[in-house]
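To start, the structure under review is shown below, and the notes come after it.
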There are 2 protein chains.
Amino acid sequence: MRRVVVALGGNALLRRGAPDTYEEAYRAARAAAERVADIAADGWEVVVTHGNGPQVGRILIQQEAASGQVHPMPLDVCGAESQGQIGYLLQVTIGDVFYERGMERPVATVLTLTRVRPDDPAFEDPTKFIGPYFTAEQAERLTAERGWVMRPDPHGGYRRVVPSPRPYSVVETPVIERLVADGVVVIAAGGGGVPVIEEGPRLIGREGVVDKDLAAAILAHEVRASALLILTDVEQVQIDFGTPAARGIDRMSASRARELLAAGAFGAGSMAPKIEAAIGFLASGGRRVHIGELDHAPAVLRGDGGTTILPDDAMAEEPDGR
Amino acid sequence: MRRVVVALGGNALLRRGAPDTYEEAYRAARAAAERVADIAADGWEVVVTHGNGPQVGRILIQQEAASGQVHPMPLDVCGAESQGQIGYLLQVTIGDVFYERGMERPVATVLTLTRVRPDDPAFEDPTKFIGPYFTAEQAERLTAERGWVMRPDPHGGYRRVVPSPRPYSVVETPVIERLVADGVVVIAAGGGGVPVIEEGPRLIGREGVVDKDLAAAILAHEVRASALLILTDVEQVQIDFGTPAARGIDRMSASRARELLAAGAFGAGSMAPKIEAAIGFLASGGRRVHIGELDHAPAVLRGDGGTTILPDDAMAEEPDGR
């Protein structure tokens, strides 16, 4: 059976501009669940990964608001909490859609840790803004009291910044692979997984944020998926996105993607890590990466819409491949 | 291989009187992990379940403190969050102990839902206090705005009460059983699992609290465990606990336990549901229930300490069985 890792963008559970209520989260999860079920119905074994940016942000705001009553937990623990929260909504809605369609597929959420290197340069240079906004005075106090690195946020005020280390392996791969091979739709590596370092025999949680697409690519390789499907809120990968010269890409080779990435064609926004994830997956033996809109996920996975990125050898067979 | 479900009391992750910091939670998880590893080393396949009372209480306090900024999530979502939080700490510490001892056993946390009946009388009579304390005025407002049932708490102030419906099946049993049969130490049914009802083909989360020992007993039956080990902070089951007539029980039959339970010998505290769980597990085919202190878990599981409860037929072989 064909196997795919489906990476849902953060917006899959909180639509842009929607209020951050439970009802909206449920509705968004349900919409994502329909597309996941479509893909399963097309004959794919499915692992679902997802972002957690908005959700972990809300947990951090809640922690700070109650910090006089309840000791805040470190970011790795909050990430694990968010995996529970989001996994629950996805699992219930995916399960519902399966039952409604008469498909018998168990769904399970596996709490996931992602290995990162203790000497990852990101630990020396935290760049990822997270959690609530503070005044300059509060920021200074938080640095003194908790050792947080605080930076002025482009939107005003100060926020904590944390490292975004590169993942190199997923701790739960053996478990996830076992389940997916048995026909279980597995929800895993939420928010990129909780980053852990190995210290001798121990796994130690680190406060940081792992890019969810990079983690999805590692997981896709490790569970021997043939395809990686990255779902977001744009129709296609674009070159020079947001400029008058912008144009969409239907298909490209891994080499071409690497060239364009090196040339800065994808901007510094959220597309660059997706392309990086795609390149990494194809370099490690993956056969296909598709990037496109959640609403059209099944078509995107068939290469009918969105952007398809293929290994050079597969692309060479097509004269217009470049 | 022998298979056991180990139910960790809420105090396993927050020792009585200890501050509710991350460091304390980690230390408590690590202590529990040592005992779980002892049991695995004794040749048991292990499923670990745990309470979540203090943890979900803290999440609810945090939600309320931030309710002006972030929409609070319903209790079922908070329960799922707590499973992520606690599962993470247990999984990391259990994994660490295994590695340190040279034992190669994967550990995984499976987010768990527990089926309850929509017509469970508990839904008409919520009794379980949860979350923060409020004034009478606040309580009135919360009832009006959110439909919460509020009651005066014996410790003063008002708190929300929620139903505690009886679980009858665990949604993720097939997944959990598959993993445990493959040698994975599975953490599941945390906090008794998120209660869900079946409405036609759909699973719908309900705001309520499932007793974690009752859920553990259901799970133990469903994964065909031979033993259920309920760990708490008292050495033994006692009759007339807290009175001058109090005495510990080394062994008893299921029938004897049922008689004593009916006679109110275990008080209305936390022991009664444990005995009920024990009776339920033995009635459904379980071979042994052990109740005792976390610190002595491996001995308790061998029947060397704590209280052992056996099916009547097994007990009949021993003349002093009563």
In the B-onto-A rotation, chain B's nearest residue to the axis by C-beta, with distance in whole Å, turns out to be B:84, 1
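Take the alpha carbon atoms of region A:226-322, find their radius of gyration, then divide it by 2.2 N^0.38 Å using N residues; give the quotient. Mind dumping the intermediate values first?
Numbers: Rg = 12.2 Å, N = 97, 2.2 N^0.38 = 12.5 Å.
Its radius of gyration relative to the 2.2 N^0.38 Å reference: 0.97.
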If amide H atoms are modeled at 1.01 Å from N in the peptide plane, then the residues at a separation of 5 or more from residue B:169, or on another chain, having amide H under 5 Å from its own are B:115
Once phi for every residue in region A:153-163 is put through the Karplus expression 6.51 cos²θ - 1.76 cosθ + 1.60 (θ = phi - 60°), the whole-Hz ³J(HN,Hα) values, with Gly and Pro written as x, are 8, x, 8, x, x, 10, 9, 6, 10, 10, x
GNM of chain B, Cα pairs under 10 angstrom: of B:65, B:40, B:272, the biggest fluctuation goes to B:65
Semi-axes (Å, rounded, descending) of the ellipsoid equivalent to region B:21-64 per its C-alpha gyration tensor are 28, 13, 5
If labels are modelled 7 Å from Cα along the Cβ direction, residue A:246 lies from its partners in the other copies at nm distances, smallest first, of 7.0
Region B:3-72 and region B:229-296 have their Cα centres apart by a whole-number Å value of 22 Å
Rounded to a whole number, the Stokes-Einstein D of the protein assembly as shown in µm²/s (Kirkwood radius over Cα pairs; 25 °C; 0.890 mPa s) is 96 µm²/s
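Using the crude model of +1 on Lys and Arg Cβ and -1 on Asp and Glu Cβ, and no other charge, please compute the dipole size for region B:53-204 relative to its Cα centre, in debye to 20.
Working: 14 positive and 19 negative charges, 31 e Å.
Computed about the Cα centre, the dipole is about 140 debye.
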Quick calc of log₁₀ I(q)/I(0), chain B, Debye, one scatterer on every Cα, no solvent, q values 0.15 1/Å, result -1.27
Candidates B:84, B:157, B:51; GNM for chain B (alpha-carbon contacts under 10 Å) flags as most fluctuating B:157
Across B:155, B:296, B:221, the residue with the highest GNM fluctuation in chain B (Cα network, 10 Å cutoff) is B:155
Sorted largest first, the Cα spans of region B:103-212 on the principal axes come out in Å as 55, 38, 20
Sorted by chain and number, the residues with a modelled amide H under 5 Å from that of residue B:164, at a separation of 5 or more or across chains, are B:127, B:128, B:209
Distances in nm between the label point of residue A:181 (7 Å along Cα→Cβ) and its equivalents in the other copies, shortest first, are 1.4
If every Lys and Arg gets +1 and every Asp and Glu gets -1 at its Cβ, then about the Cα centre the protein assembly as shown yields a dipole, in debye to the nearest 20, of 0 debye
Output row for residue A:2: copy-to-copy label distances, label 7 Å along Cα→C-beta, ascending, in nanometres, one decimal, is 4.9
With +1 on the Cβ of every Lys and Arg and -1 on the Cβ of every Asp and Glu, the dipole magnitude of chain B about its Cα centre, in debye rounded to the nearest 20, is 100 debye
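No lab work stands behind these numbers, since they all come straight from the coordinates. Since this is a predicted model, take the numbers as computed values, not measurements. Here the Cβ is made from the backbone with ideal geometry for all residues, glycine too, and neighbour counts use every protein chain on show.
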